[in-house]
Structure formats: structure tokens, C-alpha cells
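First the structure, in the form of C-alpha cells, and then the observations on it.
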Amino acid sequence: MENKHLLGIKGMSKEQIEAILDRATYWADRPKQQADILQDRFVANLFFEPSTRTRCSFEVAEKRLGAHVLNFAAESSSTTKGETIYDTIRTLESMGVEAAVIRTSQNGLFDELKDKVSMHLVNAGEGTDEHPTQCLLDLLTIKRQFGKIAGLRIAIIGDLRHSRVLGSHLHALPTLGAELVLAGPPSMMRPAEDLPTGVRVVGIDEAIQSADVVMMLRVQLERHNEALFSSQEEYHQAYGLTLAREKMMKKDAVIMHPAPFNRGVEIDSALVECERSLIFTQVSNGVAVRMAVLEGLMNGGVKTWEPFLKTASF
Ligand code: CP
């Protein structure tokens, strides 16, 4: 986290992450509260890849904070005539837009933009690198469920190679003192050099039996250049959360998934809304996290988030 932008979890301190989670907790406890914190301020959502949860929950968060919202339609914008994202941002800046929430397939886009623009940039999913607000909402969900994150074992399972959610958790979970174990097909594994010290790759049954949180990842077919498994049923049996594997889970363990989910592939359809599933709780917590992030960036002058948290009054 820099003062001005939310570009990724990499580089954020434990205190910075916890400060965002504390403020998000405030909003999660007040799911109907409307505020005028960003009244008369303009925020644009620029999604160059499809999204339902992230785009809509940013819009809900922006509106709950009182901002004016521009939903930029990439497919009917001048980017289709070759205008660059930098020129698009400068154009919106010139109109008085103060923050841009951007989803892109391009790894490295935020590094390219961050020192060249004056508006706040928020990473809403960047290539296969990071998805920081998804990571933060996962952390909030875990913290609200267990009352802590440190000391828990989190298993992240599935298409590890293409997951930007994992990209953020690789930094967040070790920073917060959780144990991270990974499982998935060898063809979808992250290179060993990407894994921080202490993060272990284990077999899927071991991951599921021993974890407090079983986080399943979507098979990201749109990012596969070649067939990485022969059939959806074969994948489900080998690497999915089947009904039989759910029975191996610890008594109080929970199921999470960033969604969208492929029912019957990485997760049995009946488990999506089972008692131990927090999948739709994650979606609810996404609004609270995005409110905390936008509020901190646009209303704070935030370095550690603490000065703002201490002076905030609503
Ligand atoms: N989890 C997530 O990023 O979902 P969307 O692609 O629908 O935004």
C-alpha cells in the first residue's frame, strides 16, 4: 500500500493490512449505513476484463460513501480505437475524476502508471499478479469467522498458476502469521521460486484434512493456452472438493472460493451453499473492504492508516 494507490499486498506491512481490516470491520458491522464521506467526488470503474462481484461491489461501496460513479465501458470506449490506458486515465483526470478502479489482463500495468498520474489507482485484478481487494475480503471473512488469522492453516487448492488471488495471499497470509499450504495439478503449479519461505505444496487430501480454511480456486480456462486436463469430471475427481473430500475436513473448518465457481469442476455443486461454506459471506465482506480502501485513499492521506482511523468520526 502506498499513500496514494492500492496496487497490491506485496510490500504492505502487517499493521497496514490490519488497519484496513479494522476499518472494514466497522463497515461490515453496519451493512446498511450510508455515508457522505466522498460526497461530490468522482470515481471511475474501468474494467478491461469481465467481472460481476468486484465491479458491482466497488460500485455499491462508492455509492454508500456518497461518491459519483462513472462506469467506464471499455468495449464502447476510445480504447477500441487504440487509445492507451494511460491516455484514458489522463483524460478522466482532466475531467476531475479522482480515483480509478482498474481491472486489466496486463501484468505490470500499475507499475507503468503509478508515478505518472495524479489520481488514486486501485487494483481490481491485474493479470496473474495480484487481486488485493479479493485478498483483503478473504482475510476479513477468515478473521470474522475465527476471531484471528495467525496460527490458522489455510489450504489454497486448484489452478495456482493463473490465480492473482493466490498472488496476493502469498504475501498476506505469511505476513499475518497464517500457515499456507497449496495443492493442485502439476500443470497448474506456481514456479517454486514464487513461493515464500514456509509455504508448502502438499497432496490434495492432506491439504483438505488438515486445513482450517479450504479455499478452492476456479480453473481459469480463459488463461490456458493449451488443454491442461482431459475432462471436467477427471479434474473434479483428482483436484476438486468432492462430497467425499468435504467429509474429511476438520469439524470447524470452512469452505471459501473467490468465485465465480465452476460447479462440478473445482467444487461439488451441493457444497457451494452448504453449512460450512462462506462463499456468499465473502461477497458481502467485499463491499466493506472496498469502502475501507476507498475511504482510506481518498479521505486519509494515509501512510499507516492509523492517523485516519483515529480521527475518523461518522
Ligand atoms: N472474485 C472476483 O474477482 O469475481 P469477479 O471476476 O466477478 O469480479
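Read the figures in this text as sums done on the coordinates, not as results from a lab. These numbers come from a predicted model, not from an experiment. Please note: Cβ atoms are built from the backbone with ideal geometry, for glycine as well, and neighbour counts cover all protein chains shown.
Once you have the Kirkwood Rh of the stretch 1-130 from its Cα pairs, apply Stokes-Einstein at 4 °C and 1.567 mPa s and quote D in µm²/s. My calculation gives 83 µm²/s for D.
Which of the DSSP-defined H helices in the chain satisfy a minimum axial length of 24 Å, computed from C-alpha atoms, and a minimum mean Kyte-Doolittle hydropathy of 0.0?
Numbers: long enough: 279-299 (30 Å, 0.87).
Both cut-offs are met by 279-299.
Ordering Ser118, Ser77 from the fewest to the most neighbouring beta carbons within 10 Å gives Ser118, Ser77.
Can you list the GluC sites (Glu not before Pro) in the stretch 133-207 that are in a DSSP coil and have 15 or fewer other beta carbons within 10 angstrom?
Sparse-neighbourhood loop GluC sites (Glu not before Pro): none present.
At a 10 Å Cβ-Cβ cut-off, how would you order Tyr26, Tyr235, Tyr86, fewest neighbours first?
Details: Tyr26 16, Tyr235 21, Tyr86 13.
The most exposed by this proxy come first: Tyr86, Tyr26, Tyr235.
Shown here for the stretch 95-161: trypsin sites (Lys or Arg not before Pro) in loop regions (DSSP other than H, G, I, E, B) with at most 11 other Cβ atoms within 10 Å, namely Lys116. Among the GluC sites (Glu not before Pro) in the stretch 36-97, those placed in a DSSP loop whose Cβ has at most 13 other Cβ atoms within 10 Å are Glu83. Extending 7 Å from the Cα toward the beta-carbon at both His68 and Ser230 defines two label points whose distance is 5.9 nm.
Both numbers refer to the Cα atoms of the chain; Rg and Dmax are 19.2, 57 Å.
How much length is gained on full extension from Gln33 to Asp205, taking 0.36 nm per residue of separation minus their Cα-Cα distance?
On the way: separation 172, 0.36 × 172 = 61.92 nm, distance 4.24 nm.
Value of the extension gain: 57.7 nm.
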